[in-house]
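Quick notes on the structure that follows.
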Protein chains: 2
Amino acid sequence: MPSSDQMKAAVQAYFDLFNAQDAQGIADLYADDATVTDPVGTPAKIGKEAILEFYTMAVKNGAVLTQQGQTRIADNVAAFAFGVFVGGAGMTDKAVDVELPAGSMTIHVIDTFVFNEDGKVTEMRAHWGPENIEKH
Amino acid sequence: MPSSDQMKAAVQAYFDLFNAQDAQGIADLYADDATVTDPVGTPAKIGKEAILEFYTMAVKNGAVLTQQGQTRIADNVAAFAFGVFVGGAGMTDKAVDVELPAGSMTIHVIDTFVFNEDGKVTEMRAHWGPENIEKH
(Lines give C-alpha, C1' and ligand atoms only; values in the text may rest on other atoms or scores of the structure.)
Protein backbone atom coordinates (compact mmCIF):
# COMPACT_ATOMS: atom_id res chain seq x y z
CA MET A 1 0.00 0.00 0.00
CA PRO A 2 1.31 3.48 -0.76
CA SER A 3 2.04 5.67 2.26
CA SER A 4 -0.31 8.42 3.41
CA ASP A 5 2.26 10.91 2.20
CA GLN A 6 2.29 9.37 -1.28
CA MET A 7 -1.49 9.46 -1.48
CA LYS A 8 -1.68 13.04 -0.22
CA ALA A 9 1.01 14.04 -2.73
CA ALA A 10 -0.98 12.43 -5.56
CA VAL A 11 -4.05 14.46 -4.57
CA GLN A 12 -1.99 17.66 -4.43
CA ALA A 13 -0.51 16.78 -7.85
CA TYR A 14 -4.04 16.29 -9.19
CA PHE A 15 -4.96 19.87 -8.21
CA ASP A 16 -1.69 21.32 -9.49
CA LEU A 17 -1.83 19.47 -12.82
CA PHE A 18 -5.50 20.28 -13.38
CA ASN A 19 -4.92 23.96 -12.71
CA ALA A 20 -1.92 23.85 -15.10
CA GLN A 21 -4.23 22.24 -17.72
CA ASP A 22 -1.84 19.28 -17.95
CA ALA A 23 -4.17 16.44 -19.02
CA GLN A 24 -1.30 14.05 -19.73
CA GLY A 25 0.14 14.65 -16.29
CA ILE A 26 -3.22 13.86 -14.71
CA ALA A 27 -3.62 10.70 -16.81
CA ASP A 28 -0.20 9.55 -15.58
CA LEU A 29 -1.54 9.54 -11.99
CA TYR A 30 -3.82 6.66 -13.05
CA ALA A 31 -3.13 2.95 -13.51
CA ASP A 32 -3.52 1.63 -17.07
CA ASP A 33 -6.82 -0.09 -16.32
CA ALA A 34 -8.24 2.62 -14.06
CA THR A 35 -11.84 3.82 -14.09
CA VAL A 36 -13.11 7.39 -13.77
CA THR A 37 -16.78 7.96 -12.89
CA ASP A 38 -17.63 11.67 -13.00
CA PRO A 39 -20.23 12.23 -11.76
CA VAL A 40 -21.28 9.04 -9.96
CA GLY A 41 -24.25 7.61 -11.88
CA THR A 42 -22.83 8.25 -15.37
CA PRO A 43 -20.88 5.63 -17.38
CA ALA A 44 -17.27 5.16 -16.26
CA LYS A 45 -14.35 6.06 -18.48
CA ILE A 46 -12.27 2.88 -18.54
CA GLY A 47 -8.55 2.77 -19.27
CA LYS A 48 -5.86 5.37 -19.66
CA GLU A 49 -6.76 6.40 -23.23
CA ALA A 50 -10.37 7.18 -22.30
CA ILE A 51 -9.16 8.94 -19.16
CA LEU A 52 -6.69 11.10 -21.08
CA GLU A 53 -9.44 12.03 -23.52
CA PHE A 54 -11.74 12.95 -20.62
CA TYR A 55 -9.19 15.22 -18.95
CA THR A 56 -8.12 16.76 -22.27
CA MET A 57 -11.74 17.95 -22.57
CA ALA A 58 -12.05 18.79 -18.88
CA VAL A 59 -9.06 21.13 -18.68
CA LYS A 60 -9.96 22.99 -21.90
CA ASN A 61 -12.40 25.25 -20.08
CA GLY A 62 -9.71 26.58 -17.83
CA ALA A 63 -11.66 25.51 -14.76
CA VAL A 64 -9.86 26.15 -11.49
CA LEU A 65 -9.97 23.58 -8.67
CA THR A 66 -9.68 24.77 -5.06
CA GLN A 67 -9.49 22.20 -2.27
CA GLN A 68 -11.87 22.54 0.68
CA GLY A 69 -10.45 21.10 3.90
CA GLN A 70 -8.10 18.17 4.49
CA THR A 71 -7.49 15.19 2.25
CA ARG A 72 -8.92 12.26 4.18
CA ILE A 73 -6.78 9.12 4.01
CA ALA A 74 -8.27 5.75 5.06
CA ASP A 75 -6.55 2.53 4.09
CA ASN A 76 -5.73 2.86 0.36
CA VAL A 77 -8.41 5.47 -0.30
CA ALA A 78 -8.20 9.28 -0.41
CA ALA A 79 -11.33 11.44 -0.20
CA PHE A 80 -11.28 15.19 -0.70
CA ALA A 81 -13.70 18.07 -1.18
CA PHE A 82 -13.16 20.93 -3.61
CA GLY A 83 -14.80 23.62 -5.67
CA VAL A 84 -14.52 23.80 -9.46
CA PHE A 85 -14.71 27.40 -10.67
CA VAL A 86 -15.85 27.52 -14.28
CA GLY A 87 -15.75 30.84 -16.09
CA GLY A 88 -18.55 29.91 -18.47
CA ALA A 89 -16.67 30.15 -21.79
CA GLY A 90 -16.31 27.16 -24.13
CA MET A 91 -18.77 24.99 -22.26
CA THR A 92 -19.56 23.14 -25.49
CA ASP A 93 -16.26 21.40 -24.79
CA LYS A 94 -17.45 20.15 -21.43
CA ALA A 95 -16.23 16.70 -20.50
CA VAL A 96 -19.12 15.52 -18.31
CA ASP A 97 -22.45 14.16 -19.52
CA VAL A 98 -24.44 16.63 -17.45
CA GLU A 99 -26.32 19.80 -18.39
CA LEU A 100 -24.56 22.86 -17.02
CA PRO A 101 -26.04 26.35 -16.80
CA ALA A 102 -24.67 29.30 -18.77
CA GLY A 103 -22.41 31.80 -17.05
CA SER A 104 -19.82 31.33 -14.37
CA MET A 105 -20.31 28.87 -11.55
CA THR A 106 -18.61 26.90 -8.80
CA ILE A 107 -19.37 23.18 -8.71
CA HIS A 108 -18.91 21.62 -5.27
CA VAL A 109 -17.45 18.12 -5.57
CA ILE A 110 -16.12 15.30 -3.37
CA ASP A 111 -13.79 12.85 -5.12
CA THR A 112 -12.53 9.50 -3.93
CA PHE A 113 -9.30 7.96 -5.25
CA VAL A 114 -8.53 4.27 -4.70
CA PHE A 115 -4.80 3.50 -4.99
CA ASN A 116 -2.94 0.33 -5.98
CA GLU A 117 0.38 -0.95 -4.59
CA ASP A 118 2.31 1.24 -7.02
CA GLY A 119 0.63 4.41 -5.80
CA LYS A 120 -1.41 4.78 -9.00
CA VAL A 121 -5.12 5.63 -8.90
CA THR A 122 -7.26 2.68 -9.97
CA GLU A 123 -10.69 4.19 -9.34
CA MET A 124 -11.90 7.77 -9.20
CA ARG A 125 -15.47 8.62 -8.29
CA ALA A 126 -16.72 12.22 -8.37
CA HIS A 127 -19.73 13.08 -6.20
CA TRP A 128 -21.72 16.09 -7.39
CA GLY A 129 -25.07 16.90 -8.93
CA PRO A 130 -27.28 19.75 -10.10
CA GLU A 131 -27.76 21.06 -6.57
CA ASN A 132 -24.01 21.39 -6.11
CA ILE A 133 -23.77 23.98 -8.88
CA GLU A 134 -23.50 27.43 -7.36
CA LYS A 135 -24.14 30.10 -10.01
CA HIS A 136 -22.34 33.42 -9.71
CA MET B 1 -34.52 6.49 -6.21
CA PRO B 2 -35.08 8.94 -3.36
CA SER B 3 -35.09 12.61 -4.31
CA SER B 4 -32.11 14.88 -3.69
CA ASP B 5 -34.17 16.59 -1.01
CA GLN B 6 -34.81 13.27 0.76
CA MET B 7 -31.12 12.38 0.70
CA LYS B 8 -30.06 15.82 1.92
CA ALA B 9 -32.65 15.61 4.69
CA ALA B 10 -31.27 12.22 5.76
CA VAL B 11 -27.77 13.69 6.01
CA GLN B 12 -29.07 16.62 8.03
CA ALA B 13 -30.95 14.19 10.29
CA TYR B 14 -27.74 12.21 10.75
CA PHE B 15 -25.99 15.30 12.13
CA ASP B 16 -28.95 16.33 14.27
CA LEU B 17 -29.47 12.84 15.72
CA PHE B 18 -25.77 12.30 16.37
CA ASN B 19 -25.50 15.61 18.18
CA ALA B 20 -28.60 14.72 20.20
CA GLN B 21 -26.91 11.36 21.09
CA ASP B 22 -29.90 9.52 19.62
CA ALA B 23 -28.33 6.22 18.52
CA GLN B 24 -31.71 4.59 17.81
CA GLY B 25 -32.71 7.50 15.61
CA ILE B 26 -29.49 7.14 13.63
CA ALA B 27 -29.94 3.38 13.27
CA ASP B 28 -33.43 4.01 11.86
CA LEU B 29 -31.86 5.93 8.95
CA TYR B 30 -30.36 2.61 7.83
CA ALA B 31 -31.86 -0.33 5.94
CA ASP B 32 -32.06 -3.61 7.87
CA ASP B 33 -29.16 -5.18 5.95
CA ALA B 34 -27.02 -2.05 5.77
CA THR B 35 -23.24 -1.94 6.26
CA VAL B 36 -21.22 0.69 8.12
CA THR B 37 -17.45 0.85 7.51
CA ASP B 38 -15.84 3.40 9.84
CA PRO B 39 -13.08 4.01 8.99
CA VAL B 40 -12.62 2.48 5.54
CA GLY B 41 -10.18 -0.43 5.92
CA THR B 42 -11.70 -1.79 9.15
CA PRO B 43 -14.32 -4.58 9.27
CA ALA B 44 -17.85 -3.46 8.37
CA LYS B 45 -20.67 -3.52 10.87
CA ILE B 46 -23.39 -5.50 9.13
CA GLY B 47 -27.09 -5.21 9.90
CA LYS B 48 -29.17 -2.91 12.02
CA GLU B 49 -28.34 -4.53 15.38
CA ALA B 50 -24.59 -4.15 14.87
CA ILE B 51 -25.14 -0.62 13.58
CA LEU B 52 -27.21 0.36 16.62
CA GLU B 53 -24.51 -1.05 18.90
CA PHE B 54 -21.86 0.93 17.03
CA TYR B 55 -23.73 4.22 17.31
CA THR B 56 -24.67 3.57 20.94
CA MET B 57 -20.92 3.50 21.64
CA ALA B 58 -20.15 6.35 19.24
CA VAL B 59 -22.54 8.89 20.76
CA LYS B 60 -21.49 8.09 24.37
CA ASN B 61 -18.48 10.40 24.16
CA GLY B 62 -20.64 13.39 23.44
CA ALA B 63 -18.73 14.05 20.23
CA VAL B 64 -20.10 16.95 18.20
CA LEU B 65 -20.34 16.72 14.41
CA THR B 66 -20.08 19.92 12.35
CA GLN B 67 -20.61 19.76 8.60
CA GLN B 68 -17.99 21.31 6.32
CA GLY B 69 -19.44 22.53 3.01
CA GLN B 70 -22.31 21.21 0.92
CA THR B 71 -23.74 17.71 0.87
CA ARG B 72 -22.83 16.38 -2.56
CA ILE B 73 -25.60 14.36 -4.22
CA ALA B 74 -24.82 12.15 -7.22
CA ASP B 75 -27.28 9.50 -8.34
CA ASN B 76 -28.29 7.61 -5.15
CA VAL B 77 -25.16 8.59 -3.21
CA ALA B 78 -24.55 11.45 -0.77
CA ALA B 79 -21.01 12.51 0.17
CA PHE B 80 -20.28 15.04 2.88
CA ALA B 81 -17.33 16.39 4.86
CA PHE B 82 -17.40 17.17 8.56
CA GLY B 83 -15.39 17.55 11.71
CA VAL B 84 -15.91 15.42 14.82
CA PHE B 85 -15.04 17.33 17.97
CA VAL B 86 -14.17 14.95 20.79
CA GLY B 87 -13.67 16.38 24.24
CA GLY B 88 -11.35 13.59 25.31
CA ALA B 89 -13.32 12.14 28.21
CA GLY B 90 -14.52 8.55 28.23
CA MET B 91 -12.49 7.48 25.23
CA THR B 92 -12.38 3.93 26.56
CA ASP B 93 -15.92 3.77 25.19
CA LYS B 94 -14.80 4.62 21.70
CA ALA B 95 -16.66 2.86 18.92
CA VAL B 96 -13.94 2.71 16.25
CA ASP B 97 -11.09 0.18 16.10
CA VAL B 98 -8.46 2.90 15.86
CA GLU B 99 -5.99 4.30 18.39
CA LEU B 100 -6.96 7.83 19.36
CA PRO B 101 -4.74 10.28 21.25
CA ALA B 102 -5.56 11.58 24.72
CA GLY B 103 -7.08 15.02 25.10
CA SER B 104 -9.50 16.90 22.90
CA MET B 105 -9.33 16.66 19.14
CA THR B 106 -11.20 17.27 15.91
CA ILE B 107 -11.28 14.35 13.48
CA HIS B 108 -11.81 15.40 9.86
CA VAL B 109 -14.01 12.90 8.04
CA ILE B 110 -15.75 12.43 4.69
CA ASP B 111 -18.69 10.00 4.70
CA THR B 112 -20.55 8.47 1.79
CA PHE B 113 -24.14 7.21 2.12
CA VAL B 114 -25.64 4.93 -0.54
CA PHE B 115 -29.47 4.99 -0.51
CA ASN B 116 -32.04 2.40 -1.56
CA GLU B 117 -35.42 3.02 -3.19
CA ASP B 118 -37.03 3.59 0.22
CA GLY B 119 -34.61 6.36 1.10
CA LYS B 120 -32.79 4.22 3.67
CA VAL B 121 -28.99 4.12 3.84
CA THR B 122 -27.63 0.74 2.68
CA GLU B 123 -23.92 1.52 2.87
CA MET B 124 -21.96 4.04 4.89
CA ARG B 125 -18.22 4.47 4.43
CA ALA B 126 -16.23 6.88 6.63
CA HIS B 127 -12.95 8.19 5.23
CA TRP B 128 -10.44 9.31 7.85
CA GLY B 129 -7.12 8.22 9.30
CA PRO B 130 -4.44 9.17 11.82
CA GLU B 131 -3.41 12.24 9.84
CA ASN B 132 -6.94 13.59 9.97
CA ILE B 133 -6.83 13.87 13.77
CA GLU B 134 -6.23 17.48 14.74
CA LYS B 135 -5.22 17.70 18.39
CA HIS B 136 -6.23 20.82 20.34
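The values are calculated or read from the model by the stated rules, or taken from the named source; none is laboratory data. Just so we're clear, the structure is a prediction, and the values are computed from it rather than from any experiment. Cβ atoms come from the backbone with ideal geometry, glycine included; neighbour counts cover every protein chain shown. We work out accessible area using only protein heavy atoms, side chains counted, and drop any ligands, DNA or RNA first. Shrake-Rupley method; radii C 1.70, N 1.55, O 1.52, S 1.80 Å.
Across the range A:108-136, the number of residues qualifying as in a loop (DSSP other than H, G, I, E, B), open to solvent by 20 Å² or more (accessible area, probe 1.4 Å) and facing chain B (nearest Cβ under 7 Å) comes to 0. Among the residues making up the range B:11-48, those that are closer than 15 Å to residue B:111 by Cα and either exposed (fewer than 14 other Cβ atoms within 10 Å of the Cβ) or aromatic (Phe, Trp, Tyr) (or both) are B:12, B:14, B:15, B:18, B:30. For the range B:55-66, how many residues meet the condition of being open to solvent by 40 Å² or more (accessible area, probe 1.4 Å) and within 27 Å of residue B:117 (Cβ to Cβ)? Within the range B:55-66, residues that are open to solvent by 40 Å² or more (accessible area, probe 1.4 Å) and within 27 Å of residue B:117 (Cβ to Cβ) number 0.
Do we have residue A:51 as buried (at least 21 other Cβ atoms within 10 Å of the Cβ), modelled with pLDDT of 95 or more and farther than 23 Å from residue B:68 by Cβ here? In short, yes.
Is it fair to say residue B:64 is within 17 Å of the chain's Cα centre (by Cα) and within 22 Å of residue B:3 (Cα to Cα)? Considered against the rule, which asks whether it is within 17 Å of the chain's Cα centre (by Cα) and within 22 Å of residue B:3 (Cα to Cα), residue B:64 comes out as no.
Can you pull out the residues in the range A:67-89 that are surrounded by fewer than 19 Cβ atoms within 10 Å (Cβ to Cβ) and more than 18 Å from residue A:100 (Cβ to Cβ)? Hits for the range A:67-89 are A:67, A:68, A:69, A:75, A:76.
Taken together, A:71, A:35 contain a single residue that is of a type in the set (S, T, N, Q), in contact with a Lys or Arg (Cβ under 6 Å, 6 or more places away or on another chain), modelled with pLDDT of 95 or more and under 22 Å from residue B:125 (Cα atoms), which is A:71.
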